[in-house]
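Colleague: I'd like to ask some things about the structure below.
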Amino acid sequence: MSRRNDRGRKRRRNRGRFGPLFKLLCVAALLVALTAGATVFFRVEHIIVDGNARYTQEEVVAASGIQLGDNLYGLNKLKIDSGIRAALPYIGDLTIRRALPSTIVITITEWEAVARVAAPTPERARAAQEEAREGDEEAEPLELAKQSWLISTSGKLLEPAPAGSSLPEITGLTPIAPQAGELMVVPEGERFKLESLLALLAAMDEAEAFPQVSAIRMGATQIELRYLDRFDVKMELNGDFRYDIQVVRKVREEIENRHGPEAAGAIDLTQDGYVGYSPLEAV
């Protein structure tokens, strides 16, 4: 009787000892089966591109590097994202998702060019080179922009500006090594000016003010807009641009009510407590 009990206890101990190992083997076998199933069954048969306007579906798919027949779960989304952005600079937001059993959906938002950044003047280029050499006389010369570049509201350079572009021209900055699809880079001494420009572009976009502005001049402490080709508007470099744009529109209405629809001159928003206006004398 005692021998039977001993054998029963041993069997129970063995089952307890090998139980976790058995469960682990079952889980591993399940993972292998799922991986094999995904490899065999989930293949890319359809690629859908949504939200594109400037680029064709064929251009987006080619830039993605995805091939029909690729494993749906073997795709590297980060690699696909970077490939599309490198080849197509107007791409803004981008999402990639799987639609089982065999479809990849690429949803994009395209940037819009809102202005053009002018190449630096010889004087500004020379100052940037001198700043770069400060403390390091053997520093390599900066590669500066030699032509105007189209820019988005986010500060992304899109492509060299075509001849005859009517977008607002931005002057007073020194783009370094401009590349399509990359954010604009400027010398250390101009970084605050660039931050102010981006804040201004965002405010203008929100107010739909780009059609009224033909030039943006970035100064050391002020920004000057050419507004409606009749007004030169001065703003503080660190101003509240959303508020300033509203003020400009109200002031322009008052000026036209007093002096007629062809009134022109300078509007100064840099004074504390009041808005200055200097009319342009008729010739």
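Read the figures in this text as sums done on the coordinates, not as results from a lab. Predicted model only: the values in this text are computed from it and were never measured. Every residue, glycine as well, gets a Cβ built from its backbone with ideal geometry; the counts of neighbours run over all protein chains shown.
Colleague: In terms of modelled amide H atoms, which long-range or inter-chain residues lie less than 5 Å from the amide H of Glu159?
Modeller: Leu150
Colleague: So, one more: Rounding to the nearest 20 debye, state how big the charge dipole of region 167-275 is about its Cα centre with +1 on each Lys and Arg Cβ and -1 on each Asp and Glu Cβ.
Modeller: 140 debye
Colleague: In whole Hz, what ³J(HN,Hα) sequence does region 136-141 give by Karplus (6.51, -1.76, 1.60; θ = phi - 60°), x for Gly and Pro?
Modeller: 8, 5, 9, 5, 5, x
Colleague: Using the Cα gyration tensor of region 46-110, with a ≥ b ≥ c the square roots of its eigenvalues, what is the shape: rounded (a/c below 1.5), prolate (a/b larger than b/c) or oblate (neither)?
Modeller: Numbers: a/c = 1.80, a/b = 1.55, b/c = 1.17.
Note, shape of region 46-110 comes out prolate.
Colleague: With a 10 Å radius around each residue's Cβ, average the other Cβ atoms per peptide and rank 123-131, 253-261, highest first.
Modeller: Values: 123-131: 14.7, 253-261: 11.7.
Final packing ranking: 123-131, 253-261.
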